[in-house]
Amino acid sequence: MPVRVQTGDFDIGREIAALRAANPKVGAVASFIGTVRDVNDGDAVSALTLEHYPGMTEQALEGIVAAARLRWRIIDATVIHRVGELKPLDQIVLVVIVGEHRGDAFAACEFIMDYLKTRAPFWKKEQTPQGGRWVEARTSDDTAAERWARPEQDAA
Amino acid sequence: MVKVLYFAKLREDLGKAAEEVALPGDVTTVAALRAYLMARGAAWQTALAQGRALRVAVNQHVADPATPIRAGDEVAFFPPVTGG
């Protein structure tokens, strides 16, 4: 399963090993882990609750991985996103790409994260000293995703 | 009937995560459903207000105001996403 949404933690070592699976064609492994910070917009954050849309979220992530595969030469990918209650220092999201060479592996990894942040249905609510608040979408994330747009063949 | 889902802040503001809605004959698009729900009262008017950042999915695919809605569809309203 290249895409997983789960409440439990993940182990990057195990995920990389599973993706490489003794495949001697793999020459590059690129990965990204997003983690919970204890501060956001100047306020202390004591906890984060992540909500998703079961079914659509998995489908959106699979679509993003499929788009990356069409665009870059990669061998395989794993995307894991946690939901439920998380604390500062916890891991939130993992993307691992295995490919033949680093250029495509790096690019596919960054593309998947940029698209995940703007297109996959997840929502964060953070606990601050003032109470709970839903995190607002950032225009900088839209800008990051738009970098990848290719007008001649981008289909939404 | 259509199944309507609400997520995140919208779910909290409306006090509802999911419901079955009987569609009047003239409600055949996302825009019409939004207007129909807004007519329920102040909380709905505010939560679904035009100009407010709102995303819609029909049968788990991103939709726009003109997307058609038919009986049996699953329609979801939610704020811009903030995962990762």
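The values are calculated or read from the model by the stated rules, or taken from the named source; none is laboratory data. Given the structure is predicted, the values throughout are model-derived calculations rather than measurements. Cβ: placed from backbone, ideal geometry, glycine included. Neighbour counts: every protein chain shown.
Brief remarks on what is shown
- Residue under evaluation B:Thr82, criteria (1) within 12 Å of chain A (Cβ to nearest Cβ); (2) not in a loop (DSSP other than H, G, I, E, B), criterion not met: (2)
- Meets criteria (polar (S, T, N, Q), under 30 Å from A:Met113 (Cα atoms) and modelled with pLDDT of 95 or more) for B:Thr29: no
- Restricting attention to the stretch A:85-111, the residues that are within 14 Å of chain B (Cβ to nearest Cβ) and free of Cβ contacts under 8 Å to residues at least 60 places away in the same chain total 3.
- So B:Arg34, is it of a type outside the set (A, V, I, L, M, F, W, C), away from chain A (no Cβ under 13 Å) and surrounded by 13 or more Cβ atoms within 10 Å (Cβ to Cβ): yes
- Residue in the stretch A:122-131 that is touching a His at 6+ places or on another chain (Cβ under 6 Å), crowded, with 17+ Cβ neighbours inside 10 Å and either touching a residue at least 60 places away in the same chain (Cβ under 8 Å) or not in a helix (DSSP H, G or I) (or both) present: yes
- Residues satisfying the stated conditions in the stretch B:3-61, i.e. outside any strand (DSSP E or B), under 17 Å from A:Gly55 (Cα atoms) and free of Cβ contacts under 8 Å to residues at least 40 places away in the same chain: B:Ala17, B:Asn59, B:Gln60
- Taken as a whole, the stretch A:115-122 holds no residue that is small (Gly, Ala, Ser) and either touching a strand residue (DSSP E or B) at 6+ places or on another chain (Cβ under 6 Å) or more than 9 Å from chain B (Cβ to nearest Cβ) (or both).
- Qualifying residue in the stretch A:47-67 (condition: closer than 21 Å to A:Ala21 by Cα, β-branched (Val, Ile, Thr), within 12 Å of another protein chain (Cβ to nearest Cβ) and in contact with a helix residue (DSSP H, G or I) (Cβ under 9 Å, 6 or more places away or on another chain)): no
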